[in-house]
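These notes concern the structure reproduced below.
Just so it is clear, none of the values below were taken in a lab; they were calculated from the coordinates. These numbers were taken from a predicted model, which means no experiment stands behind them. Here the Cβ is made from the backbone with ideal geometry for all residues, glycine too, and neighbour counts use every protein chain on show.
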């Protein structure tokens, strides 16, 4: 039997207000053992941030994590899917936007996060195998 999005998603996402500092969200992630946080403004999703995003993007670029807000730190590549969307639809949306996570909504409320690394997503046609463009390295020079 084919999995549903509800079965695949991680429910009850940890959220942070867009005005929260990067430092406070990093502490929340560490203390709660959380890899991904949903950033919201007035209760509406505005971005997803992973521990990898914070390390390889914000902190590696030398940002002042105490004074940088999450609203400033998140990228504008948020993909939102409905809990009733099929996994093929979700996979296609994630691939089209080159993202590895999407927010799952139900009746206008965020109820979960789906990750491209989930085996149910990886096994779909058009799956997301390659790193997103900002993580791709093409030459030895870029790696050093």
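Take the Cα of residue 80, go 7 Å toward its beta carbon, and the backbone nitrogen atoms of the stretch 1-20 under 20 Å from that spot belong to 5-6, 9-20.
Placing a label point 7 Å from the Cα of residue 15 along the Cα-to-Cβ direction, the residues of the stretch 34-55 with a backbone N closer than 11 Å are 38-46. Please say if the stretch 1-67 is rounded, prolate or oblate, where rounded means a/c under 1.5 for a ≥ b ≥ c the square roots of the C-alpha gyration tensor eigenvalues, and otherwise the choice is prolate for a/b larger than b/c and oblate otherwise? Taking the square roots of the gyration eigenvalues as a ≥ b ≥ c, the stretch 1-67 is prolate. The modelled label-to-label distance for the pair residue 27/residue 7, using points 7 Å beyond Cα in the direction of Cβ, is 4.1 nm. Counting only DSSP beta bridges with both residues in the stretch 1-111, the antiparallel share comes to about 60 percent. The calculated pair-distance distribution of the stretch 1-118 uses every alpha carbon pair, bins of 5 angstrom beginning at 0, and gives 2, 12, 23, 23, 19, 12, 6, 2, 0, 0 percent.
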